[in-house]
Amino acid sequence: MAKRWLRSDDQFRVAVAIGLENETYVADSWEAIAELAEPLRERFPSMAADVDAWMARAEPAYERLKKGSFFEQGAQDA
């Protein structure tokens, strides 16, 4: 659902979808997030700071995903 909402023209749905990033992966990779971000900034200029914050929150999670699962990396850090 969140992946579809990120491509929506509904600003509220986009805001909800970028808020879910703390709870789930809404794209398959960091590169996919970056590809989604630019059109969001263009469609909703007033949300540019929110999109930037979303990307900043998402980047570490996608780096962990690249290295292994979120939980495996978290266990190694403990």
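Throughout, read-outs are computed from the coordinates displayed, never taken from laboratory work. It should be emphasised that the depicted structure is a prediction, and the values quoted were computed from it without experimental measurement. A quick note on method: Cβ atoms are made from the backbone with ideal geometry, for glycine too, and the neighbour counts reach across all protein chains shown.
Which peptide among 13-19, 60-66 comes first, and what is the full order, when sorted by highest mean count of other Cβ atoms within 10 Å? Don't skip to the answer; put the middle values down first.
Numbers: 13-19: 18.7, 60-66: 14.7.
Order by mean packing, descending: 13-19, 60-66.
Taking just the C-alpha trace of the range 1-44, give me its Rg and Dmax in Å.
9.5, 25
Tell me, what is the percent relative contact order of the range 18-69, built from C-alpha pairs under 8 Å that lie six or more residues apart?
Working: 25 pairs, mean separation 22.9, N = 52.
Reported as a whole number, the value is 44 percent.
Extending each Cα 7 Å along its Cβ direction at ASP9 and LYS66, get the distance between those two points in nm, one decimal.
The answer from the label model is 3.5 nm.
Along the range 33-43, what does the Karplus equation 6.51 cos²θ - 1.76 cosθ + 1.60 (θ = phi - 60°) give for ³J(HN,Hα), rounded to whole Hz, x for Gly and Pro?
4, 4, 5, 6, 5, 4, x, 5, 4, 6, 6
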